[in-house]
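Reading through the structure tokens given below for one structure.
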Amino acid sequence: MLYSGGGEQSRKKIIVGIGAVLLLIVIGTSYAFWQINRVQESSNVIISDCLNLTLSDTTNAISLEKVMPITDEEANNLIPYEFKITNTCNTTAYFDINLEIMGLSDKLSSEYIAVQLDDSRKVLLNTKEAITPTYSDATYTADEAYRLKRGSVEGKGEVSYRLKL
């Protein structure tokens, strides 16, 4: 009779132990079954007020309307389009300089447009990295875009560029 009470108690411990193991298996399986995995498919866009763009001469706007081909010597005498990028924050800011071509019916093909940024060598626009156009308003929509430069500007610093087309 001494063992009958102990056997019943050890049987209860075994049943409770088996029940706990089964419960853990059920919880673990159902957690894996019901777990939701999400994958972001689009880019994050962060807008910052750290970069300011200053155009030194807005009357000398970039325009290739009604132009004729010119020699390299004539191109060297062109007045460049100057602009400045200023970082008003304390940390380094990164930027891209892109050139977008507006969707006009009689536009000049990018394979005929030479571009020179600062003192770099002149290259044809269509040899630059093609990117997705972003500009659109009531009058114009860009249908071609090219990255001219990727750069950075230190906190509270500025960089200036001169562009010739």
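The values are calculated or read from the model by the stated rules, or taken from the named source; none is laboratory data. Keep in mind the model is a prediction, meaning the values are calculated, not measured. Ideal geometry is used to build each Cβ from the backbone, glycine not excepted, and the neighbour counts take in all protein chains shown. The accessibility values were calculated without ligands, DNA or RNA, using every heavy atom of the protein model including side chains. Shrake-Rupley method; radii C 1.70, N 1.55, O 1.52, S 1.80 Å.
Determine if region 125-134 includes at least one residue that is surrounded by 13 or more Cβ atoms within 10 Å (Cβ to Cβ), over 30 Å from residue 49 (Cβ atoms) and at pLDDT 90 or above. I'd like the intermediate steps shown before the answer.
Taking region 125-134 and keeping what is surrounded by 13 or more Cβ atoms within 10 Å (Cβ to Cβ), we get 125-126, 128, 130-131, 133.
Restricting the remaining residues to those that are over 30 Å from residue 49 (Cβ atoms) gives 125-126.
If we keep only those that are at pLDDT 90 or above too, we end up with 125-126.
Checked region 125-134: at least one residue is surrounded by 13 or more Cβ atoms within 10 Å (Cβ to Cβ), over 30 Å from residue 49 (Cβ atoms) and at pLDDT 90 or above.
Given the conditions (1) touching a strand residue (DSSP E or B) at 6+ places or on another chain (Cβ under 6 Å); (2) without any contact (Cβ under 8 Å) to a residue 12 or more places away in the chain; (3) of a type in the set (Gly, Ala, Ser), and given that residue 93 satisfies all but one, which numbered condition is not satisfied?
Of everything listed in (1) touching a strand residue (DSSP E or B) at 6+ places or on another chain (Cβ under 6 Å); (2) without any contact (Cβ under 8 Å) to a residue 12 or more places away in the chain; (3) of a type in the set (Gly, Ala, Ser), residue 93 misses just condition (2).
Looking only at residues that are in contact (Cβ under 8 Å) with a residue 60 or more places away in the chain and either aromatic (Phe, Trp, Tyr) or part of a loop (DSSP other than H, G, I, E, B) (or both) in region 135-165, which one is farthest from residue 49 (Cα to Cα)?
165
Is one or more of the residues making up region 32-43 open to solvent by 90 Å² or more (accessible area, probe 1.4 Å), at pLDDT 85 or above and not charged (D, E, K, R)? Break it down into steps so the answer makes sense when it comes.
Going residue by residue through region 32-43, those that are open to solvent by 90 Å² or more (accessible area, probe 1.4 Å) are 33-41, 43.
Keeping just the survivors that are at pLDDT 85 or above gives none.
Within region 32-43, not a single residue is open to solvent by 90 Å² or more (accessible area, probe 1.4 Å), at pLDDT 85 or above and not charged (D, E, K, R).
Quick one: count up the residues across region 91-107 that are modelled with pLDDT of 85 or more, out of contact with any Pro (no Cβ under 8 Å at 6 or more places or on another chain) and not hydrophobic (A, V, I, L, M, F, W, C).
Qualifying residue count for the region: 5.
Could you list, in sequence order, all residues of region 108-123 that are closer than 17 Å to residue 67 by Cβ, open to solvent by less than 80 Å² (accessible area, probe 1.4 Å) and either hydrophobic (A, V, I, L, M, F, W, C) or modelled with pLDDT of 85 or more (or both)?
From region 108-123, those closer than 17 Å to residue 67 by Cβ are 108-116, 122; that's our starting set.
After this cut, where a residue has to be open to solvent by less than 80 Å² (accessible area, probe 1.4 Å) as well, the list is 108-110, 113-116.
Matches in region 108-123: 108, 110, 113, 114, 115, 116.
Residue under question is residue 145, and the condition is that it be of a type in the set (A, V, I, L, M) and either at pLDDT below 90 or loosely packed, with under 14 Cβ neighbours inside 10 Å (or both); does it hold? Explain how you work it out, then say what you get.
Values: of a type in the set (A, V, I, L, M): yes; either at pLDDT below 90 or loosely packed, with under 14 Cβ neighbours inside 10 Å (or both): no.
It is false that residue 145 is of a type in the set (A, V, I, L, M) and either at pLDDT below 90 or loosely packed, with under 14 Cβ neighbours inside 10 Å (or both).
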